[in-house]
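So the structure is just underneath, and the comments pick up after that.
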Amino acid sequence: MDRGPLSAVSPLDGRYARYTEPLVPYASERGLMRARVEVEVEYLVALADLDAVPLALDDGERAALRALYEEFDAEDAALVKQLETEGYGDYPATNHDVKAVEYFIRERSPVDVGEWVHFALTSEDVNNLAHRLLVGPAVREVILSELREVRDALAGMAREYRDLPMLARTHGQPATPTTFGKEMAVYASRLGRALGRVEAAVNELSGKLAGASGSYAAHHAAYPEVDWRAFSRDFVAGLGLDHEPLTTQVNPCDDLAALFDALRGANNVLLDLAVDCWLYVSDRYLGQEAVEGETGSSTMPHKVNPIDFENAEGNLSKANSDLVFLGDYVTKSRLQRDLSDSTVKRNVGGALAHCLVAYGKLGTGLGKVVPNEQVMREDLETTPEVIGEAVQTLLRREGHTDAYERVKALTRGEAVTLADFRDLFAELDVPASVREELRALTPAGYTGVAADLVDELDQG
């Protein structure tokens, strides 16, 4: 049977495979096998450093053992799977993925390490560390990199279009003008803060190595003279993780939940962006580049649809649904251990993959749009009522207690022109200088310090 992308059950390995490829080393079954081998091998090396344990490994033997995971390839992965599902040599099928890794190391090790492989460990000791050895780099090297590219694209647009006036819409209605650059700066700033939260969360991933019930019972029974708590703390830290000292058989996974929540926060910023960009395209504030040969509609030849923003919106929503589910689920375990979280954790890569597809689509969408200055200015010119806020504020300054009411009577629900405002100004009892100040107001010029606010991006 063909097992290529067109036969994939999930679009992540099918239609979107070219986008999710960077996550394969971290989210695939083969990647998890390799990470488990790494944990088991490094544990052997750490055991060999204990005076109480009669296991000695010289530098060459340590290097040879580490090559088992450093050079782990498709053939090795196939052997691990065979050990699990069919058996190999003298080993019957384990029907247990971590036990299969143990037997793989025994089979392939150039060093006689025999009974010391997986000594006193429970599978969760290996799994919780292996998962974090994959999730950490996946987020640092792939996810955060893509998020930074989106943030940088937004910051670039903010600086380029800082002075471009644009009608704002609050409640979907014409409101005090802004600049397109300032609005992009808002998103760049929000995403920058969200990035910081993701970075903090991924740098606080924690691991445990404390045995079947989190009490080091087997370790202590075998070698009571060894300070196994200190050993575990040093071992986990050596893998680049914080140490989790108080656990059941499972790592409580509060660290993963915090990471998933931080990613969801970043995704919420981008969901807001994707919808706003879609609306700007709909209002013709953003023009789209037409890709040669691309079809926008199967029946309407003229269509250039905002498909990248729509795709991003869908994938961000799916990612967030998965992240919420994962964050809720992985922090729960019946009593000291149940296995339901094992299959759930295999879906972490899928959640990250939906994030990755969305970030790439957003970046593509931003790269294909250009602000339509003419449309923006025409919209401002035909919506003069937005200067009403400035008018009533200036009149308040001059002591007119009915300023708001007079402007409201002129503008609310009415089609007004600048000439209507000037007729009002002519009736006002104000100094000539104030009347000129009022007559100088225009929608395009009423943007406050919006352009200067873009500079805040450089202050963060």
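Across the stretch 415-457, which residue is surrounded by the fewest Cβ atoms within 10 Å (Cβ to Cβ) among those that are among the β-branched types (Val, Ile, Thr) and either at pLDDT below 95 or closer than 23 Å to Glu381 by Cα (or both)? Here the answer is Val449.
Among residues of the stretch 182-204 that are farther than 13 Å from Met157 by Cα, those with a beta-carbon under 7 Å from a residue that is of a type in the set (D, E, K, R) at least six positions away or on a different chain give the pairs Leu191/Arg151; Gly192/Arg151; Leu195/Arg148; Leu195/Arg151; Val202/Arg140; Glu204/Asp242; Glu204/Asp255.
Residues to consider are Arg162, Arg148; find the one that is in contact with a helix residue (DSSP H, G or I) (Cβ under 8 Å, 6 or more places away or on another chain) and buried (at least 18 other Cβ atoms within 10 Å of the Cβ). Give the steps one after another, and end with the answer.
Working: Arg148 fails: buried (at least 18 other Cβ atoms within 10 Å of the Cβ).
None of the others qualify; the one that does is Arg162.
Tell me, yes or no, whether the stretch 261-273 has at least one residue that is over 18 Å from the mean Cα position of the chain (by Cα), surrounded by fewer than 21 Cβ atoms within 10 Å (Cβ to Cβ) and not hydrophobic (A, V, I, L, M, F, W, C). Checked against the condition, which is being over 18 Å from the mean Cα position of the chain (by Cα), surrounded by fewer than 21 Cβ atoms within 10 Å (Cβ to Cβ) and not hydrophobic (A, V, I, L, M, F, W, C), the stretch 261-273 yields no hits at all.
Conditions (1) under 30 Å from Asn311 (Cβ atoms); (2) touching a helix residue (DSSP H, G or I) at 6+ places or on another chain (Cβ under 6 Å), marked per residue:
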residue: Ser342; (1), (2): no, no
residue: Gly349; (1), (2): yes, yes
residue: Val370; (1), (2): yes, no
residue: Glu381; (1), (2): no, no
residue: Gly388; (1), (2): no, yes
residue: Val391; (1), (2): no, yes
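Scanning for something touching an Asp or Glu at 6+ places or on another chain (Cβ under 8 Å), of a type in the set (Phe, Trp, Tyr) and over 20 Å from Ser232 (Cα atoms), does the stretch 66-86 turn up at least one residue? Yes, the conditions are met somewhere in the stretch 66-86. As a summary of the residue check, Gly240 satisfies the conditions (1) in a helix (DSSP H, G or I); (2) farther than 25 Å from Leu339 by Cα except for the one numbered (1). Of all residues in the stretch 11-37, exactly one satisfies the criterion of being within 25 Å of Gln82 (Cβ to Cβ) and modelled with pLDDT under 90, namely Asp13. Listed by first and then second residue, the pairs with beta-carbon distance under 9 Å, at least 6 apart or on different chains, first residue in the stretch 132-155 and within 20 Å of Leu323 (Cα to Cα), second surrounded by fewer than 18 Cβ atoms within 10 Å (Cβ to Cβ) and charged (D, E, K, R), are Val139/Glu199; Arg140/Glu199; Leu144/Glu199. Residues that are within 32 Å of the chain's Cα centre (by Cα) and surrounded by fewer than 17 Cβ atoms within 10 Å (Cβ to Cβ) within the stretch 67-77 comprise Glu70, Glu71, Asp73, Ala74, listed in sequence order.
Number of residues in the stretch 37-62 that are surrounded by 13 or more Cβ atoms within 10 Å (Cβ to Cβ), in a helix (DSSP H, G or I) and of a type outside the set (D, E, K, R): the value is 9. Restricting the stretch 100-117 to residues that are of a type outside the set (Ser, Thr, Tyr) and without any contact (Cβ under 8 Å) to a residue 24 or more places away in the chain, which is nearest to His219 (Cα to Cα)? That would be Glu115. Of all residues in the stretch 78-122, those being more than 26 Å from Ala48 (Cα to Cα) and either assigned to a loop (DSSP other than H, G, I, E, B) or within 39 Å of the chain's Cα centre (by Cα) (or both) number 14. When residues in the stretch 123-150 are screened for being of a type in the set (S, T, N, Q) and under 12 Å from the mean Cα position of the chain (by Cα), 1 of them pass. Looking at the stretch 300-414, the helices (runs of 4 or more DSSP H) lying wholly inside it that each contain 2 or more residues that are under 20 Å from the mean Cα position of the chain (by Cα) and surrounded by fewer than 22 Cβ atoms within 10 Å (Cβ to Cβ) sit at 307-329, 340-345, 348-367.
The values are calculated or read from the model by the stated rules, or taken from the named source; none is laboratory data. Please read these numbers as outputs of a predicted model, since none were measured by experiment. Virtual Cβ from ideal backbone geometry, glycine too; neighbours counted across all protein chains shown.
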